[in-house]
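Undergrad: After the structure tokens below, expect a handful of questions from me.
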Amino acid sequence: MTIGDRLRYLRKDLLRMSMAAFGAKIGYGISAISDIEHGRNALTNQMARAICTEYDVREEWLRDGDGEPFRQLSSDERLAEWMGEVMSEDESDIQRRVVKFLSKLTPAEWEMIADMAHNFVEELKKGEE
């Protein structure tokens, strides 16, 4: 499988994206994506970095076909990535507002929330019996 084949497989089969949508997220047009997929142009380092960053693709897979296509993130890495996305959203976004609210809680308030969550789960279990 060539780099172009892997790019097409990533875009079309794994991400289910059109050339236009895929390219737009990394700052390239349809013709640039098409030229690489069809072997007319080589994948540049800049485009490879953009693809890997935007789509969490492993560069070793993209360039050489080695290993799995996507990076495997730890739960802490996924959380950090999600937090970055949430905090870059509009001030009125509900996720951002909730995160900002939670960031202001005291340890005692966190304990109260933990107790409430525990009690909620116990009530759900009772309802299943």
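Undergrad: Which value does Rg/Rh take for region 3-64 over its C-alpha atoms, Rh per Kirkwood? Write down the numbers at each step before the final one.
TA: On the way: Rg = 10.0 Å, Rh = 11.2 Å.
On the Cα set of region 3-64, Rg over Rh gives 0.89.
Undergrad: Using only Cα atoms, find the angle between the long axis of helix 94-103 and the longest principal axis of the chain, and express it within 0 to 90 degrees, rounded to the nearest 10.
TA: That works out to roughly 60 degrees.
Undergrad: Sticking with this structure for a sec: Any chance you could list P(r) for the chain, counting all Cα-Cα pairs in 5 angstrom bins from zero, rounded to whole %?
TA: 2, 9, 13, 15, 12, 11, 9, 8, 8, 7, 5, 2, 0
Undergrad: Rounded to the nearest 500 deg cm²/dmol, what is the calculated helix-only ellipticity per residue at 222 nm for the chain, with -39500 (n - 2.57) per DSSP H run of length n ≥ 4?
TA: Value at 222 nm, helices only, nearest 500: -19500 deg cm²/dmol.
Undergrad: Which values, in whole Å and largest first, are the semi-axes of the equivalent ellipsoid of region 75-128 obtained as the square root of 5 times each eigenvalue of the Cα gyration tensor?
TA: On the way: eigenvalues 143, 43, 29 Å².
Its equivalent ellipsoid spans semi-axes of 27, 15, 12 Å.
Undergrad: What nm value, rounded to one decimal, do you get for the distance between A24 and A108 when each label is placed 7 Å out toward the C-beta?
TA: Placing both labels 7 Å along Cα→Cβ, they lie 5.1 nm apart.
Undergrad: Got the relative contact order for the chain handy, in percent, Cα pairs under 8 Å and 6 or more residues apart?
TA: 16
Bear in mind these aren't lab numbers, they're just calculated from the coordinates by the rules spelled out. All of these numbers come straight from a predicted model, not from anything done at the bench. Cβ coordinates were reconstructed from backbone atoms using ideal geometry, including for glycine residues, and neighbour counts include every protein chain displayed.
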